[in-house]
1. Based on what the data block shows, is residue 72 more than 18 Å from residue 14 (Cα to Cα) and touching a strand residue (DSSP E or B) at 6+ places or on another chain (Cβ under 7 Å)?
2. Given 110, 86, 59, which one is farther than 21 Å from residue 125 by Cβ and either touching a strand residue (DSSP E or B) at 6+ places or on another chain (Cβ under 7 Å) or assigned by TED's automatic domain parsing to the domain that holds residue 125 (or both)?
3. When region 15-38 is examined, which residues are found to be over 19 Å from the mean Cα position of the chain (by Cα) and without any contact (Cβ under 8 Å) to a residue 40 or more places away in the chain?
4. Can we say residue 78 is in contact with a strand residue (DSSP E or B) (Cβ under 7 Å, 6 or more places away or on another chain) and surrounded by fewer than 18 Cβ atoms within 10 Å (Cβ to Cβ)?
5. Filter region 14-28 down to residues that are surrounded by fewer than 20 Cβ atoms within 10 Å (Cβ to Cβ) and either among the polar types (S, T, N, Q) or more than 13 Å from residue 60 (Cβ to Cβ) (or both), then give me how many there are.
6. Would you confirm whether or not region 106-116 contains a residue that is closer than 23 Å to residue 84 by Cα, at pLDDT below 80, surrounded by 11 or more Cβ atoms within 10 Å (Cβ to Cβ) and aliphatic (A, V, I, L, M)?
Amino acid sequence: MALRLEDKKEIVAAVNKAALGAFSAVVADYRGLNVAQLTELRSKARQQNVYLRVIRNTLARRAFEGTDLELLNESLIGPTIIAMSLSEEDMGAAARLFKDFAKDNDQLELKTGLYEGKLYSGAEIDVLAKLPNREQALTSLVSVLQAPVSKFGRLLTALKEQNEGEAA
C-alpha cells in the first residue's frame, strides 16, 4: 500500500521526535518474523519504554537528519526495525529488548547499535545490552562505597579482639 505524502511527513516527524530524545538505538532486520512475533516484540517494547518502529529506510534517513542517530544511516539496508531507548533510567533497554527477543527468534538479525555517538556492530550489541539501569548502577555504587567502610570496621573489630586477647 502506497503512503501519501502527508502520512510520510507524519512518520518522519514522529521518528525524528523520538530520535531527538533517544539515549541509544538499535537497528535490526526483521525478515522472517510473523505478525504474532512482531506484536509480542511491540508489547515488550512498550513495557520497557522503548520506541519501536518498522520504517522505510528513506523515511528513517530523513527522520535521523540533524540527530545523533544519523550515524545509523549506513545500516539502513533491507527490512528495518528500529528500537530507541527513551528512558534516562535505562539507556540499554533497546539493545536488551532485541538481544532477549533474538534468543528465542533466530530470524531477528541485529545490524547496528548506537550509544553516545559510537557505533556497535551486531556482535557487539552485548555491550549496550549490559548497560545497567539506574537502580543497578546505584546499587553497585553503594556497594563500592560500602566496601572500604566495611573493611575498616572488620579491622577495628580484629584489633579489639587482639587487644583483649593480649590483656587476658
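The values are calculated or read from the model by the stated rules, or taken from the named source; none is laboratory data. Only a predicted model underlies this, so the values are computations on that prediction, with no experimental measurement involved. Note that each Cβ is placed from the backbone with ideal geometry, even for glycine, and that neighbours are counted across all protein chains shown.
1. Numbers: more than 18 Å from residue 14 (Cα to Cα): no; touching a strand residue (DSSP E or B) at 6+ places or on another chain (Cβ under 7 Å): yes.
Judged against the criteria, residue 72 is not a match.
2. Numbers: 110 fails: farther than 21 Å from residue 125 by Cβ; 86 fails: farther than 21 Å from residue 125 by Cβ.
Checking each option against the conditions leaves just 59.
3. The initial filter retains those residues of region 15-38 that are over 19 Å from the mean Cα position of the chain (by Cα), namely 31-37.
Answer for region 15-38, where residues must be over 19 Å from the mean Cα position of the chain (by Cα) and without any contact (Cβ under 8 Å) to a residue 40 or more places away in the chain: 34, 35, 36.
4. Working: in contact with a strand residue (DSSP E or B) (Cβ under 7 Å, 6 or more places away or on another chain): yes; surrounded by fewer than 18 Cβ atoms within 10 Å (Cβ to Cβ): yes.
Yes; evaluated as a whole, the condition is true for this residue.
5. Residues in region 14-28 being surrounded by fewer than 20 Cβ atoms within 10 Å (Cβ to Cβ) and either among the polar types (S, T, N, Q) or more than 13 Å from residue 60 (Cβ to Cβ) (or both): 4 in total.
6. Step one: filter region 106-116 for residues closer than 23 Å to residue 84 by Cα, giving 106-116.
In the following step, the residues that additionally are at pLDDT below 80 were identified as none.
No, region 106-116 contains no residue that is closer than 23 Å to residue 84 by Cα, at pLDDT below 80, surrounded by 11 or more Cβ atoms within 10 Å (Cβ to Cβ) and aliphatic (A, V, I, L, M).
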